[in-house]
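Here the structure is laid out as structure tokens; the discussion comes afterwards.
The values are calculated or read from the model by the stated rules, or taken from the named source; none is laboratory data. The structure displayed is predicted, hence computed values, not measured ones. Every residue, glycine among them, receives a Cβ derived from its backbone with ideal geometry; neighbour counts consider all protein chains shown.
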Amino acid sequence: MVGFSSPFGGGGGDGGGTSFDAYDEFVPANVPEPGRFLDGHDVLTGDDHLAFHRLTRALFEERGVYDMTFGYNLARLNCDTRHRGAGYRYARDADDPSVLRAEFTPTTPFCPQSDTLTKGSLRAWTGLADRHEYDVVRVRVDEMHHRAREINETLADMEESLPAEDGFDGEDDADGRERPGQGGGCSQGAGTGGSSRGYGADAPF
């Protein structure tokens, strides 16, 4: 995936000179606290978290799951030290270890991309299910988001409809594609206008 410029952290898709934790470094203070969706389940930490998150980075790169404000692969948000409480946490379902729960915490309660990013994440994990050990990945946005209930209801419906057994082919539909003017990323007051070089309206997830 070709990176694009962003006023929040350099081009090239890696955040420029911004400070990032490494993908092989689990820093508890720099990742989100597990929310209610993960409560009572086996939350991944240390090497378990890192292994799945590195795979997530590759799947998101392949499917183009990018944060439109910061100009990088969404998996990189976990490593961005400017946003220590944002990104993904994961847990194995307590009743069925073949199910992974993934909870996304945006940088603000009003992040306009949370809907698009969580749907794109679900499509990537489901469509490329042969690349990980889980039969099902369930995705939710943290309840701190002001539209969490609405977004999470849609995600639950999508879990039932995406054909994991055949592999989702990445063709988009009406509720998953970033559109011009739809809003920027997860930063207060941020917009996408002018920040993308040929990436945006045709987001491939």
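Numerical summary
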item	result
Matching residues, the range 104-114, being in contact (Cβ under 8 Å) with a residue 60 or more places away in the chain and within 19 Å of R76 (Cα to Cα)	T105, P106, T107, T108, C111, P112, Q113, S114
Residues located in the range 19-57, provided they are surrounded by fewer than 17 Cβ atoms within 10 Å (Cβ to Cβ), among the polar types (S, T, N, Q) and either within 15 Å of R76 (Cβ to Cβ) or modelled with pLDDT under 65 (or both)	S19
Test result for V136, crowded, with 23+ Cβ neighbours inside 10 Å and in contact with a strand residue (DSSP E or B) (Cβ under 6 Å, 6 or more places away or on another chain)	no
Long-range neighbours under 6 Å by Cβ, at least six apart or interchain, first residue within 21 Å of V141 (Cβ to Cβ) within the range 28-54, second loosely packed, with under 15 Cβ neighbours inside 10 Å and among the small types (G, A, S)	P32/G85; G40/A94; H41/A94
Out of R84, R101, R89, R123, sole residue that is free of Cβ contacts under 8 Å to residues at least 60 places away in the same chain and in contact with an Asp or Glu (Cβ under 9 Å, 6 or more places away or on another chain)	R89
Qualifying residues in the range 107-127 (those that are buried (at least 20 other Cβ atoms within 10 Å of the Cβ) and among the hydrophobic types (A, V, I, L, M, F, W, C)) - the one nearest to H53 (Cα to Cα)	W125
Per-region count, the range 129-148, residues over 15 Å from T56 (Cβ atoms) and among the β-branched types (V, I, T)	2
Residue satisfying condition, being at positive phi, at pLDDT below 95 and small (G, A, S), within set G64, G71	G71
Those residues of the range 58-106 which are in a loop (DSSP other than H, G, I, E, B), of a type in the set (S, T, Y) and surrounded by fewer than 23 Cβ atoms within 10 Å (Cβ to Cβ), in sequence order	T81, S98
Within the range 133-146, tally of residues that are under 16 Å from the mean Cα position of the chain (by Cα) and not aliphatic (A, V, I, L, M)	5
